[in-house]
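Single-structure report; data block below.
The values are calculated or read from the model by the stated rules, or taken from the named source; none is laboratory data. Quantities reported herein were computed from a predicted structural model and do not represent experimental measurements. A quick note on method: Cβ atoms are made from the backbone with ideal geometry, for glycine too, and the neighbour counts reach across all protein chains shown.
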């Protein structure tokens, strides 16, 4: 299994999936690079014998073409360029096209990515399957701590994530914001933030399988999220979280104020969100689905 760093969303996905695949009698060797280009050039495993090479992320194309290759797409670089065009994204899109065209099977973490892949690269629908991101809720089942009066947001730096909207809205309602993702933090530190924040806010205008939102729900931290297609199966407005119009800072501020002033609503949203995540996005099921894809490719 090839991944960039074992951190952020794709890295956490890779670590948990690898561990649960071992429970399905699938032996996994992990190869990681540093930054996209270095990972794409990683060739140290090319001469070794594996049944399958599973690539986590679209810009990495291992040179060993004799081994069946599966690619999990966490976000489409071609789509990301609409929000942030740069030389890095242009190179990434070139590598992405090559990786996807040479894949035997493609896993996407959200149905919207399947539609994007078909439209962007003319990938046959039969080559794509949907397996959602998962969450290990036990990781968040630590001793309950009191919630503090701050808003949490986080994720890797990207223009599409609209972090500025969170800060502007919080300023309107006079609440402090803590953001993780600017620099790498130990896992224990991030979990503690989820467990102590008043609420978690995702203001992205584009996401695919937002792990930060899923982690907040697993930590029983009430969630406010922009109303975008990728969260439809996660955040059910008024049931497992609160939605607002993407880019509408005033509406976001109103939702922040609502949760801040309504502790009983926060408690109800948090409990229902936790149950939703635990029942529908667990790693045991995801590992079984992934193994099924392996077996299909090896037939």
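Can you tell me which residue is nearest to the chain's Cα centre (by Cα) among those in the stretch 100-129 that are closer than 17 Å to residue 207 by Cα and part of a strand (DSSP E or B)?
108
Which one is surrounded by the most Cβ atoms within 10 Å (Cβ to Cβ), of the residues in the stretch 125-142 that are farther than 11 Å from residue 100 by Cβ and out of contact with any helix residue (DSSP H, G or I) (no Cβ under 8 Å at 6 or more places or on another chain)?
Going residue by residue through the stretch 125-142, those that are farther than 11 Å from residue 100 by Cβ are 125-126, 129-142.
Still in the running and out of contact with any helix residue (DSSP H, G or I) (no Cβ under 8 Å at 6 or more places or on another chain): 126, 138, 141.
On the way: 126: 7, 138: 11, 141: 13.
Checking each candidate, the answer is 141.
State whether one or more residues within the stretch 270-293 are under 24 Å from residue 171 (Cβ atoms), in contact (Cβ under 8 Å) with a residue 60 or more places away in the chain and either not assigned by TED's automatic domain parsing to the domain that holds residue 130 or not in a helix (DSSP H, G or I) (or both).
Within the stretch 270-293, not a single residue is under 24 Å from residue 171 (Cβ atoms), in contact (Cβ under 8 Å) with a residue 60 or more places away in the chain and either not assigned by TED's automatic domain parsing to the domain that holds residue 130 or not in a helix (DSSP H, G or I) (or both).
Only one of these conditions is not met by residue 205: (1) over 25 Å from residue 261 (Cα atoms); (2) in contact with a strand residue (DSSP E or B) (Cβ under 7 Å, 6 or more places away or on another chain); (3) assigned to a helix (DSSP H, G or I). Which number is it?
(3) is the only condition that residue 205 fails.
Answer with yes or no whether residue 101 is out of contact with any strand residue (DSSP E or B) (no Cβ under 6 Å at 6 or more places or on another chain) and either closer than 30 Å to residue 196 by Cα or not assigned by TED's automatic domain parsing to the domain that holds residue 19 (or both). I'd like the intermediate steps shown before the answer.
Numbers: out of contact with any strand residue (DSSP E or B) (no Cβ under 6 Å at 6 or more places or on another chain): yes; either closer than 30 Å to residue 196 by Cα or not assigned by TED's automatic domain parsing to the domain that holds residue 19 (or both): no.
So residue 101 fails the test.
Go through (1) surrounded by 20 or more Cβ atoms within 10 Å (Cβ to Cβ); (2) touching a helix residue (DSSP H, G or I) at 6+ places or on another chain (Cβ under 8 Å) one by one and return the number of the condition residue 113 breaks.
Residue 113 satisfies all of (1) surrounded by 20 or more Cβ atoms within 10 Å (Cβ to Cβ); (2) touching a helix residue (DSSP H, G or I) at 6+ places or on another chain (Cβ under 8 Å) except (2).
Does the stretch 199-206 contain any residue that is surrounded by 24 or more Cβ atoms within 10 Å (Cβ to Cβ) and either farther than 29 Å from residue 81 by Cα or not assigned by TED's automatic domain parsing to the domain that holds residue 272 (or both)?
Within the stretch 199-206, one or more residues are surrounded by 24 or more Cβ atoms within 10 Å (Cβ to Cβ) and either farther than 29 Å from residue 81 by Cα or not assigned by TED's automatic domain parsing to the domain that holds residue 272 (or both).
Filter the stretch 143-176 down to the residues that are touching a helix residue (DSSP H, G or I) at 6+ places or on another chain (Cβ under 9 Å), in a loop (DSSP other than H, G, I, E, B) and surrounded by 12 or more Cβ atoms within 10 Å (Cβ to Cβ) and list them by number.
Passing the criteria: 147, 148, 155, 156, 158, 173, 175.
Yes or no: residue 246 in contact with a strand residue (DSSP E or B) (Cβ under 9 Å, 6 or more places away or on another chain), touching a residue at least 12 places away in the same chain (Cβ under 8 Å) and not assigned by TED's automatic domain parsing to the domain that holds residue 10? Outline the logic, then answer.
Working: in contact with a strand residue (DSSP E or B) (Cβ under 9 Å, 6 or more places away or on another chain): yes; touching a residue at least 12 places away in the same chain (Cβ under 8 Å): yes; not assigned by TED's automatic domain parsing to the domain that holds residue 10: yes.
Here the answer is yes, as residue 246 does meet what is asked.
Looking at 296, 254, which one is in contact (Cβ under 8 Å) with a residue 60 or more places away in the chain, touching a strand residue (DSSP E or B) at 6+ places or on another chain (Cβ under 9 Å) and either surrounded by fewer than 19 Cβ atoms within 10 Å (Cβ to Cβ) or assigned to a helix (DSSP H, G or I) (or both)? Please lay out each step first, then the result.
Numbers: 254 fails: in contact (Cβ under 8 Å) with a residue 60 or more places away in the chain.
Checking each option against the conditions leaves just 296.
Can you pull out the residues in the stretch 215-233 that are closer than 20 Å to residue 160 by Cα, at pLDDT below 95 and in a loop (DSSP other than H, G, I, E, B)?
Once the filter is applied, which keeps residues that are closer than 20 Å to residue 160 by Cα, at pLDDT below 95 and in a loop (DSSP other than H, G, I, E, B), the stretch 215-233 yields only 232.
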